[in-house]
Every structure is written in C-alpha cells, then in structure tokens.
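Colleague: Pasting in a structure now, in structure tokens, and then I'll have a few things to ask.
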Number of protein chains: 2
Amino acid sequence: MSRATRRRERQERREKASHIPRLPWRNLTNPYPPIEVLSADQLEAIHLASLRVLSEIGMKVLGADARQRLAAAGAEVDDTDRMVRCDPAMVEECMALAPSSFVLKAPNPARSITVGGNHVNFGPVGGPSFVSDLDRGRRAGTFEEMCDFLKLLQSLDIIHIGGTGSFAPLDLPADTRHLDRYYAAATLHDKIWGADLLGGYRARDGLEMQCIVHGIDYEDLPNHVVTLGNINTNSPRQLDGNMSAGLTVLALAGQPVVVTPFTLLGAMAPTTIAGALTQQNAEALFGMMLCQVIRPGTPVVYGGFTSNVDMKSGAPAFGTPEYVKATQAGAQLARRYNVPFRASSTNASNVVDAQAAYESEMSIWASVMGHTNLVFHAGGWLEGGLTASFEKLIIDAEMLQMMAEYLEPVIVNEDTLALDAIAEVAPGGHFFGATHTLARFETAFYEPIVSDWQNFESWQDNGSLTATQRANTVWKQLLAEYQPPPVDPGIREALEAFVTRRKAELNAGPDLLDYDM
Amino acid sequence: MSRATRRRERQERREKASHIPRLPWRNLTNPYPPIEVLSADQLEAIHLASLRVLSEIGMKVLGADARQRLAAAGAEVDDTDRMVRCDPAMVEECMALAPSSFVLKAPNPARSITVGGNHVNFGPVGGPSFVSDLDRGRRAGTFEEMCDFLKLLQSLDIIHIGGTGSFAPLDLPADTRHLDRYYAAATLHDKIWGADLLGGYRARDGLEMQCIVHGIDYEDLPNHVVTLGNINTNSPRQLDGNMSAGLTVLALAGQPVVVTPFTLLGAMAPTTIAGALTQQNAEALFGMMLCQVIRPGTPVVYGGFTSNVDMKSGAPAFGTPEYVKATQAGAQLARRYNVPFRASSTNASNVVDAQAAYESEMSIWASVMGHTNLVFHAGGWLEGGLTASFEKLIIDAEMLQMMAEYLEPVIVNEDTLALDAIAEVAPGGHFFGATHTLARFETAFYEPIVSDWQNFESWQDNGSLTATQRANTVWKQLLAEYQPPPVDPGIREALEAFVTRRKAELNAGPDLLDYDM
C-alpha cells in the first residue's frame, strides 16, 4: 500500500469519526429556467439608456494608462477632466469578444469550476476588517484567525472558492500582507483563490505565485485560466487608478476580471431600480470593455451589487426586495451580453440571528434562481460586509447545502414511485419498517450541519441551544479536525522564497507598476 | 362629518402615530412563471401511479355515510374492510367538475381573496396547543392569549386570512371551545375564517355563524363562498369519520374544502419524493373527488404537505430541500387538475432563531414561486407546528412582506431610468441630494417591521438586540394599538345568542351529525 493510499485511508477514517455531516464537493448546475423580473422590452430600455450614459455622460477614468488604451481603441478621451465617452458600436464590438463561459483551474484539479451557463459557484465573504465569534465578540482581524477561517473553507466543500483570507489580517503590515494571504491560500486549501486588484503590484504578485503553484511561466498565463480578480467601480461613473491598474495586470495575463459596480439606490445610484440598473450596466460594460481593449478575449464576469439604503440613516441594506429584483435583473443583463454573472449573498444584521438568516436566504434564492454563476460573500458575511463571522459561515454552509440539494433533480421511475411499498403498508400504518424504507433510510434525505429537529423536550434537555450556538460548536470541531491539502515541498519552498524576496523589495521602497495612477 | 368618517380619521391618526411600518392590504399575484421541478413526463408518471393506488390498492374510509355516497357514485366499496376503490374514469370525471378558482368573501368585502390562478394568499399558523413568547416561554394556550393573537392578525395586513385562533384555548371545554373561537374570529378581525372540520357538528356550527355574519340563509350558502375548511387524510390511505363528516357538511353547503394529506417521507409515506407524491396525490384526489360526489362543483383545493423526517429520530423536518421539491411538485399536480393549491410555511426549530428563519424562507420561496394559492401556517408557526410564537409571527410578517414587495413589478420608463439624475451627479459623488432622489426618498424602498440596518455601534448603543428581541417589542406595541373592526350590534347579539344556545345543547349531551362515524 502506497504512502498516499495509507494517508487517504487515515483521512477517510478521521472524517468518518467526525459527527458533522457535510455534502461532498459538487459542481452545481441549476436545471430550472432563470427567474426573470424584466420583460424583453424593459431589458432593452435599460441597455439603451446605459449606452447613452457611456456615449453622452461618460465615465471618469483616473488612470492615465487606461485612458490611453481607451483612446487608442477609439474612445473620446478628455485628459483635462479625465472623462471618457464611447459610442455604442465600440461597446458592442468589445462585448462580442468576451467568452460566454470559462473553466477556472484550481490547484487541485478536482476543485476546478466552470463559470457561465447554468453553473452555480459559491465563494466566501471577502473584504471585512473585523472578525467575530460568540466567544470573543467582534474584533480586528488577525493573520492567525484568518488562517483558521481558510481552514474551515477547506473543510466545507459547498464553498467552491477558497479565497485569500476572508478578512484583513490587521496585525500584518498593509504593504506586504497580500503576500502572506496568498501564501496562506496556496498552502491551507486546494481551491481557487483570486488576486488582489487594489493596485498593479499586488495583482502581479498574485499571478506570480499562481505560476509557482500551477507550474507555468508568467508569459504563458493567457493559456491557463487559474485565478480571477474583482474590481469595484467607484460609483457613480468613476474608475480609480488602483482598480484600473489591477484590472490591466489581470487582463494582460488573460485572467478573468469580475467588474462589479457597487450601486446603492439613493446613495451611489438613483433611487429607482431601473435607474440604478442603468448606471450599474454602464459601469459594468465599461470595465468589461476595457478588459477587451487591453486583451481581446479576456474572460470577464458581469458583477451586480445593487441594493438600497435605509431611508432613515442612509445605511446600506441587503437581502431586501430591491436587492433581489436588482440581482435577478442584473443576471438578465449579463445574459444579454452573453457573459457570466456574479452576485452575492448578503445581509445587514449585526448578529447571527433570524434577520441574518432571512436576508441571506433572500440573497441566495435571488442569486441561484436568477442563474448567477459566482455567488460571492456566501460564507460568513455579517454586518453589511464589515465583519466575517465564524458562526455565520456555518449557518451559511447549511443554507447553501440546502440550495444545492434542492437543485438535485427529482428521480421518477418505477422504483421511486414505490407502488409496492404503498401496497405493503396498511391504511393508517407507517413506513418505518417497510422494505422500501429500510433500503434507503440512511441516505434518503439531506442531513443538516446545524439544524436541530429534536422535539422540544429533547432540545431543552440538550441545553436549549440556538442554531448560532450550535454553529459555534460546529466550527470548532471542524477546525480541530482540519486536514491540510498536500502541497509539493518544492512548490512550498518556491512560494516561501518569493514571499521573502518581495517583502524585502517592498520594504525597501514603493513598488507601483507604471500603469498605477 | 359623519360618525364613520370621524372614526376613520381618528383611526388613521392613531395608525400614523405608530412607529411600526406595515404594508397595506394587497391582493397578491405572482407575475412570474411557476418554478417546476417535474418534467411533463414525470408529472404524468406520478399521476398514473396515483390512479393505480386508487383503483388497485384503495383507500380505507371509516365513515359509513361517505362510503355509501362513493358506492352510489360508482366506486367499488367493501363494507367489511371499509376499503374503497375507484377507477380512473370516475376520478377524472369528478375532478373535471371542480372550479379552477373562486372568490372567498370576507366579512369585510375589502378583505376578500381569490383562490386560484397566480393569486397568493397567506394564512396564520393553526393547530398548536402551545403558545410562546420571550417573556413567558412555552406554555399551554389560553383563550385570552388566543384573542391577542387574533388581534395581531387583524393588525398585520400581509396575513390575508384571520382564522379562528391560531392555537387551542385549553382553558375552555373541548366540546364547545369551537364556538368561542368562531365568536372571537367574527368580532376581533374582519378577515376570512374557516370552519373546524373535526366532526360534522363543529363544521355546521361554523357555517351557521358565517350565515349570521354574512346575513344569509343556511340553504342559500352554496350561492355564497364565505368560508373554507381543511381536512387531513389519515395517511397512508385512510380517511377517518370525523374528517369525512366535516368535509360532507362543507361540501353540502358548497363551501371550499382543502384536502391535505400529511405525508412525511419515511413515516406516513415512502422515503422517495416520487413515492410520497404518488401517495399524496392519490389521497388528495380521493378527498376532492368525494366533495364532487357530494355536491358537483364544490370548490376544492389540493393541499400538499409532504416533508421528510429526521433520519436519526423519526422527528418531522420542515423547510428542507425535500419539502421544497415536494411543495413545488404538488403545485404542478394541482395545476394538472386545474384546481388551486395549498402549501405551508413551516420550520422545525424550537426557538425563533436563524434555523426558524431559514427553514421558513425555504418554505415561503418554495410556495410562492411554485404558485401556491393558499400558504397556510405562514404566521407564527414554531416547533414543527406544536407552538404558536408571538415573536415568530412578527418575523414571519417581515418575511412575507419582503416576498410581497418582491412580487411588485419593476417599473421601467423615462422617469425611472433616471438619465437626468445620472447626469446631475458628478463622478464619485452621491445621490443623497439629487432632485430625483429627494422626490422619491420617503417611499422609494421597502420599510421593514423588524430588520435593523443600523451600523454596529448604533446597534450596540441601542442594546444589541436580536431580531427576535425586537419582535417582542413590536407585537406588544401592535397589541396596545389594536383597533377592533366595526361589528354590527345586531350581528354581535345574534352570534352571542347562537353561542349560548349551542353551548347549552352541547352540554346537555353529544351532538354528532348522522354522517359522523
């Protein structure tokens, strides 16, 4: 028996000993037609209005390099006010170059995903500076805890994308922490992780490290789709230099760019859904077009992130009815341009309570049933995205697993129609002991991670725990049982050497790629 | 100014003084196509298998009156084992007599509802013996608290059906408490309430009191659809005498009967969804057919209540992936027979936590997007239906309101596309002060009942309350501000006299209608 086989068997035994059931890895597809909230006429009206935004009103582009590239491709560029206007033909010609779907290769080939069509992929929360759990409350994120979060993401197969740490490790220096995050991602999980597009050098460091992981040359990257990056336009109608620099690094390397305007109705966009979608669409088209200008055929993803604000305070609201409609309309717009769509699972609760769950469920249903290909922030998002929560990650995994099970088709055949079983059980009797039941009982139903179906008395005897309290136990057990993925020692060494060298270089002085602002 | 006008104005002022926003009454329709989890072939296979259950395996009917009626209509009836078998032609001919939709008249005509097509109506939890709130925990239901619950249902316009008290008033005598419940329903809210079908006399008392409320003669009831009743078959394949007696009273009076097999996979039905649906369909068809045998053209509703059990304990599970699929498949079957469909919003949590919310959301989305016409148990259901929760009622109202807002179509026109507003706000600026925003800000977005969108610090300053804790405050405030509907003094007097007379009669001895078992 080889060492690898023994290791696998040991791991299987350990996993069996765990009492936390989980769905195995699944490349999800949604077999049902997408829910569409816009009529064909409405869709076209928004499309045309957004083309008018791009041709008549324009986008402000802070990065000189991006402006030059756009001017060379035929856009009307004013370097004084840094406004860029493009005619509809330019937009349509560029969008026609974007692929409708692509396969994103993970370090472990079994964790690769397809982005496009009716494929659905879930990614974890990204962006927060805070982390929280029931034991220690809300606090600034640290590298150690960020690594714990990554370990949990490796343990939850329902989350397709591992990422580079779901919250900022504020105990590490800001200029070099992206290197520590990339290293953690490359060694703690075997799933996909993205490049930080906040500035060209961070993006390039990510690509260099992906080259080490995948064993390819930087110049050969366009032949291997191995990562992705997300940019947010600085809504309304502005693309800042850091973002266009990051976008440019990825596009030059042929790696997918997700372009996501963050357009809150009444704040960064008009109060009407149609108006906010018009603006979102203009900005998303602009970013995706820029990718095609830089390198025709670059994979791009249309990102939708349109929600409303609280009318009283101006605070962002998520998982609202407006959010659901904007998300499903956004997916329709992406389909119009034949590119994949990205949305999010979000909520605005400050605590892992019923609100956190119902706002997240609204987001998940909206995204999945609208045929979203990448559902970001679907594991651990709390507090409008300012905090990553360990308990919320477990509750989210449960909600995502339930959706995944829902997407499994009903099987109808002679065996499942079960006429023999129905005839076998007497009127008013029960099926617990029926042959048909005994043959299927163990695996017939979805087995939850955290849902408690005990009767009231048993639940009370076991401590009257809420789902959130049970989630606290679950993540600790998963963490205790974490198994790192195999990482080739040569790759690990090369990654370490790269990180050490780049830290020294960055500590020696600023490192802005020339297309930074 | 008339007394009625003054009263209305006073009421409007009071409502304005309340700080709890609520959606106004709305007759909801779902403008999107239903989600269908079964192919046409699969649907037909289940249909045909269930016809074989009815013709070959048969239903046990405990009520002699029901058996006689079925035999007279052509069924094969064995009075020894009380089994009834009917051939497919009989089933199909009967089902062709059922109307595809009907209008159910409420005491207040403005609260009438349409049952069928793409209409969606929500009803409160029914059935529990327990009640709970955060202050007093879980306890046996009393009449006083049952009345409080009815008052809240009157205060929440998103709940279309008022009902007869969502939990049993265990402090009242079992034989006559249905009279107190009917009286409470008729005086505390002006919405629809149903008849208790557990035995013929309870059903008949309900109809008599509806006649008083609506000012019609009992014999004239078939010309006025003013109430409804639900029966559960005693799955598998059994209809007990109480249920058929109640069904018979309603059908003779031309009032709608909802026939709902309660078929838990692995317990009262096969473990497979296809098998459980086959059995559900056979039982539902049988009950609806019996209504047509009793009185051709009786409005009937196909009720689906198929879920799974916990594999470990056999305890019922709700809001699961299996539940979602079975619900949407049930709606497809109902559409095949061109009758309305009833489902439920359910969960198996013992506490108003994240689980209660996500399981309920799965149920609500499943029901509404599958084109369910009556969503029962959608307000206050907890603990697998054993408890009615005051806080859950408020959380449910929020979730239902969010769905209702989602169903409102997106408006796309020159005004909402907002190109002027987009041009008005500078790149990187904000829309808070834009003309377009100021004109719409107050009413642009859905305003929640219980969701809290404050930032973390403000939320903490306000006591770090969970949604469930806030719901506790909300229901108390709504109760304090409750306004009873106007009830004509003559009607009130007649209802009181009826209740007094019937209590005396029932206390004097048993009152079983002759078609009771």
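Colleague: For A:Ala317, what residues show an amide H to amide H distance below 5 Å, using hydrogens built from the backbone and excluding near sequence neighbours?
Modeller: Result for A:Ala317 returns A:Asn308, A:Val309, A:Asp310.
Colleague: Got a sec? What order do A:Lys312, A:Lys60 fall in by accessible area at 1.4 Å, biggest, i.e. largest, first?
Modeller: A:Lys312, A:Lys60
Colleague: Can you give the average number of partner chain beta-carbon atoms within 10 Å of each beta-carbon in peptide B:400-412, as a whole number?
Modeller: 6
Colleague: Next question. Find every distance from the label point of B:Gly297 to the corresponding label point in the other copies (7 Å from Cα along Cα→Cβ) and write them in nm, one decimal, shortest first.
Modeller: Shortest to longest, the spacings are 7.0 nm.
Colleague: Using amide H atoms built 1.01 Å from N in the peptide plane, name the residues 5+ places from B:Leu382, or on other chains, whose amide H lies under 5 Å from its own.
Modeller: The list, which skips near neighbours in sequence, is B:Thr387, B:Ser389.
Colleague: Would you please give the FRET efficiency between B:Asn462 and B:Ser129, computed as 1/(1 + (r/R0)^6) with r the Cβ-Cβ distance and R0 = 56 Å, to the nearest 0.05?
Modeller: After rounding, the FRET efficiency stands at 0.95.
Colleague: Ok, one more. Largest first, please: the extent of the C-alpha atoms of the stretch B:382-517 along each principal axis, to the nearest Å.
Modeller: Computed over the Cα atoms, the extents are 82, 40, 35 Å.
Colleague: Viscosity 0.890 mPa s, temperature 25 °C: what is the translational diffusion coefficient of the stretch A:113-187 from Stokes-Einstein with a Kirkwood Rh over Cα pairs, rounded to a whole number of µm²/s?
Modeller: Rounded to a whole number, D works out at 186 µm²/s.
Colleague: On to the next question. Going by accessible area, probe 1.4 Å, with all protein chains left in place, what is the ranking of B:Thr80, B:Thr327, A:Thr142, A:Thr500, largest first?
Modeller: From most exposed to least exposed: B:Thr80, A:Thr500, A:Thr142, B:Thr327.
Colleague: In angstroms, what radius of gyration and Dmax does the stretch B:52-118 have, counting Cα atoms only?
Modeller: 16.9, 50
Colleague: What do you get when you divide the Cα radius of gyration of the stretch A:229-358 by 2.2 N^0.38 Å, with N the number of residues?
Modeller: 1.08
Colleague: Write down the Kirkwood hydrodynamic radius of the stretch B:62-172, to one decimal in angstroms, obtained as one divided by the mean of 1/r over all alpha carbon pairs.
Modeller: Radius from the Kirkwood sum: 18.0 Å.
Colleague: For chain B, what does the relative contact order come out to in percent, with C-alpha contacts under 8 Å and a separation of six or more?
Modeller: Relative contact order of chain B: 19 percent.
Colleague: Under the Karplus relation 6.51 cos²θ - 1.76 cosθ + 1.60, θ = phi - 60°, what is the ordered set of whole-Hz ³J(HN,Hα) values for the stretch A:152-163, x standing for Gly and Pro?
Modeller: Those phi angles translate into 5, 5, 5, 7, 10, 5, 5, 8, 7, 10, x, x Hz.
Colleague: Antiparallel as a % of all DSSP beta bridges within the protein assembly as shown, to the nearest 5?
Modeller: Expressed as a percentage, antiparallel bridges in the protein assembly as shown total about 45.
Colleague: Within 10 Å of each Cβ in peptide B:432-439, how many partner chain Cβ atoms are there on average? Round it to a whole number, please.
Modeller: Mean shielding by partner chains, rounded to a whole number: 3.
Colleague: Okay, next question. Please list 3J(HN,Hα) in residue order for the stretch A:361-376, calculated via the Karplus relation 6.51 cos²θ - 1.76 cosθ + 1.60 where θ = phi - 60°; whole Hz, with x for glycine and proline.
Modeller: 4, 4, 5, 5, 4, 4, 5, 5, 6, x, 6, 7, 8, 10, 9, 7
Colleague: Farthest toward the dipole's positive end in the stretch B:86-170, which of B:Pro124, B:Phe143, B:Phe167, given Cβ charges of +1 (Lys, Arg) and -1 (Asp, Glu) about the Cα centre?
Modeller: Of the candidates, B:Phe143 comes out farthest on the positive side.
Colleague: Given N residues in the stretch A:414-480, what is Rg(Cα) / (2.2 N^0.38 Å)?
Modeller: 1.62
Colleague: For a test of the definition: using alpha carbon positions, the gyration tensor, and the 1.5 limit on a/c, classify the stretch A:173-233 as rounded, prolate or oblate.
Modeller: oblate
Colleague: Using only atoms on other chains, find how many Cβ atoms lie within 10 Å of each Cβ of peptide B:301-308 and report the average.
Modeller: 1
Colleague: Can you bin the stretch B:316-460 into rounded, prolate or oblate? Criterion: square roots of the alpha carbon gyration tensor eigenvalues sorted a ≥ b ≥ c, rounded for a/c under 1.5, prolate for a/b above b/c, oblate for the rest.
Modeller: oblate
Colleague: So, counting K/R as plus one and D/E as minus one, what does the shell of residues with Cβ under 12 Å around A:Gln238 add up to?
Modeller: 0
Colleague: Near A:Ala418, within a Cβ-to-Cβ distance under 11 Å, what is the net charge of the other residues, with Lys and Arg +1 and Asp and Glu -1?
Modeller: Surrounding charge for A:Ala418 is -3.
Colleague: Cα-Cα over 21 Å: which of B:Lys476/B:Lys503; A:Lys151/A:Lys191; A:Lys151/A:Lys392; A:Lys476/B:Lys312; A:Lys312/A:Lys392?
Modeller: B:Lys476/B:Lys503; A:Lys476/B:Lys312; A:Lys312/A:Lys392
Colleague: Next up: Kindly express, to the nearest 10 degrees and within the range 0 to 90, the angle between helix B:241-252's C-alpha long axis and the longest C-alpha principal axis of chain B.
Modeller: With rounding to tens, the tilt is 80 degrees.
Colleague: Taking the DSSP beta bridges in chain A as the whole, what percent of them are antiparallel, to the nearest 5?
Modeller: Here the antiparallel bridges make up roughly 45 percent for chain A.
Colleague: Which distances, shortest first and in nm, link B:Asp41 to the matching position in the other copies, using label points set 7 Å out along Cα to C-beta?
Modeller: 3.8
Colleague: Report the charge-dipole magnitude of chain A in Debye, nearest 20, computed about the Cα centre from +1 at each Lys and Arg Cβ and -1 at each Asp and Glu Cβ.
Modeller: The dipole of chain A has a size of about 700 debye.
Colleague: Another question, then. On the full set of protein chains, 1.4 Å probe, figure out the accessible area of B:Lys105 and give it in Å² to the nearest 10.
Modeller: Surface accessible to solvent at B:Lys105 totals approximately 80 Å².
Colleague: Which whole-number percent gives the relative contact order of the stretch A:291-440, counting Cα pairs below 8 Å spaced six or more residues apart?
Modeller: It comes to 17 percent, rounded to a whole number.
Colleague: Just from its helices, what would the mean residue ellipticity at 222 nm be for chain A, if runs of 4 or more DSSP H residues each count -39500 (n - 2.57) and the sum is divided by every residue, rounded to the nearest 500 deg cm²/dmol?
Modeller: For chain A, the value works out to -13500 deg cm²/dmol.
Colleague: How about the stretch B:415-517: which GluC sites (Glu not before Pro) there are in a DSSP loop, with at most 10 other Cβ atoms within 10 Å of their Cβ?
Modeller: Those satisfying the criteria are B:Glu442.
Colleague: If I fit a long axis through the Cα atoms of helix A:467-480 and take the longest principal axis of the Cα atoms of chain A, what angle between them do I get, 0 to 90°, rounded to 10?
Modeller: Helix A:467-480 sits roughly 80 degrees off the main axis of chain A.
Colleague: Moving on to the next point. Using a 1.4 Å probe, how large is the accessible area of A:Ile212, given in Å² and rounded to the nearest 10?
Modeller: 40 Å²
Colleague: Of B:Val249, A:Val213, which has the most accessible area and how do the rest follow, probe 1.4 Å?
Modeller: Most to least solvent-accessible, the answer reads A:Val213, B:Val249.
Colleague: Moving on to the next point. Roll a 1.4 angstrom probe over the protein heavy atoms and tell me the percent of accessible area of the protein assembly as shown that is carbon or sulfur.
Modeller: Summing carbon and sulfur atoms, their accessible area is 50 percent of the total for the protein assembly as shown.
Colleague: Which ³J(HN,Hα) values, rounded to whole Hz and listed in residue order, are derived for the stretch A:187-199 from phi using the Karplus coefficients 6.51, -1.76 and 1.60 in 6.51 cos²θ - 1.76 cosθ + 1.60 with θ = phi - 60°, glycine and proline given as x?
Modeller: Each residue's phi maps through the Karplus curve to give 10, 9, 9, 10, 9, 5, 9, x, 9, 6, 9, 7, x Hz.
Colleague: Where does helix A:489-508 land angle-wise versus the long Cα axis of chain A, in degrees 0 to 90, nearest 10?
Modeller: So the helix axis and the longest Cα principal axis differ by about 40 degrees.
Colleague: Something else: For label points placed 7 Å from Cα toward Cβ, what is the shortest-first list of nm distances from B:Glu92 to its copies?
Modeller: 5.2
Colleague: Per residue, how big is the convex hull of the stretch B:152-268 when only Cα atoms are used? Give it in Å³.
Modeller: 126 Å³
Colleague: With N residues in the protein assembly as shown, what two-decimal value do you get for its Cα radius of gyration over 2.2 N^0.38 Å?
Modeller: Taking N as the residue count of the protein assembly as shown, the ratio is 0.99.
Colleague: Can you give me the solvent accessible area of B:Asp420 with a 1.4 Å probe, rounded to the nearest 10 Å²?
Modeller: We get 130 Å² for B:Asp420.
Colleague: Once each part is reduced to its C-alpha centroid, what is the distance from the stretch B:195-213 to the stretch A:33-48 in angstrom?
Modeller: So the separation of the two Cα centres works out to 49 Å.
Colleague: Work out the P(r) tail for chain B: percent of alpha carbon pairs separated by more than 32 Å, whole number.
Modeller: Counting pairs separated by more than 32 Å, the tail of P(r) holds 44 percent.
The values are calculated or read from the model by the stated rules, or taken from the named source; none is laboratory data. If you're wondering where the values come from, they're calculated on a predicted model, not measured in any experiment. Note that we place each Cβ from the backbone using ideal geometry, even for glycine, and neighbour counts take in every protein chain shown. In case anyone asks, the SASA skips ligands and DNA or RNA and just uses the protein heavy atoms, side chains included. Shrake-Rupley method; radii C 1.70, N 1.55, O 1.52, S 1.80 Å.
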